[in-house]
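The values are calculated or read from the model by the stated rules, or taken from the named source; none is laboratory data. None of these values were measured; they are calculated from a predicted model. No Cβ is skipped: glycine too gets one built from the backbone with ideal geometry, and neighbour counts run over all protein chains shown.
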Amino acid sequence: MSRIAVFGQMASSIREVGAAAREVLPDLQAAQDQAAATADAVDQSAERIRARTNEVHAETSTILGQISEAVRAGMSDFGAEFEMQLAALEAGEKEVGEFMQIWGDAMIDLGQGNETLREALKGMDPRQFEERAQEIRRQVQDGQASAEELFEILQGLGTATAQNLARVVAALRDGKATLDDVIATAEQAARETGPDSVTGAAAEGLAETLRELGREGLTP
């Protein structure tokens, strides 16, 4: 076979490959576009879920805050034990069902007459505290939660575990505790309250954030 014939066959093969590639390329582009659209949809869905979680938590926190204020104002006969249990509920350290079993039939006045706690908290999503804990862990993993923000979350929780950890962090700032003291206390708090509680997620995130700061030679 002459060189001209060989080159002719090569050119024909190249043209065939090019034609095949042109047929495949639109399919590849369409697949890439579909993948990008799917990723955007997933991101938007996750954002809606996060927004709804924050909205539900804000609504519940308002109701729980009203109940706590009513207790402090003497509008019920509840004592310190109830306030501790209410704080544990908001921190995700106590399940909603367990709380209702003990306190659901207790009466309270939130300004609209007496009602049971079960009625006051009607419609409260029992999974919302676990979802908030998941959101905190996601923010820590994505580097979106600072040690200061995690500390503020713990400060806002009324449980003994959260408040003890908050006191150790305050002692660190006053030079009366070391970074290792805070990390150890945070790790213990996370173990005691579990990863599905708000306290546990914030404590675990704080320990992780502080370890990273320690490796970088920084302090919160």
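What to note about this one:
- Here is the figure for the stretch 198-216: residues that are modelled with pLDDT under 90 and among the small types (Gly, Ala, Ser) total 1.
- Hits in the stretch 197-207 (condition: of a type in the set (Ser, Thr, Tyr) and in a helix (DSSP H, G or I)): 199
- Single residue of the stretch 153-193 satisfying the filter (touching a residue at least 40 places away in the same chain (Cβ under 8 Å) and touching a Gly at 6+ places or on another chain (Cβ under 7 Å)) that is surrounded by the fewest Cβ atoms within 10 Å (Cβ to Cβ): 179
- Cβ-Cβ distances below 6 Å connect the following pairs, each with a first residue in the stretch 133-146 that is over 12 Å from residue 203 (Cα atoms) and modelled with pLDDT of 90 or more, a second residue that is part of a helix (DSSP H, G or I) and among the hydroxyl-bearing types (Ser, Thr, Tyr), and a separation of six or more residues or different chains: 135/53.
- All of 117, 206, 210, 150 fail the test of being in contact (Cβ under 8 Å) with a residue 12 or more places away in the chain, under 16 Å from residue 87 (Cα atoms) and buried (at least 19 other Cβ atoms within 10 Å of the Cβ), apart from 117.
- Of the listed requirements (1) part of a helix (DSSP H, G or I); (2) modelled with pLDDT under 90; (3) of a type in the set (Val, Ile, Thr), residue 219 misses just one: (1).
- At least 2 residues being among the basic types (Lys, Arg) and under 22 Å from the mean Cα position of the chain (by Cα) is the threshold, and among the helices (runs of 4 or more DSSP H) wholly inside the stretch 88-196 those reaching it are 128-141.
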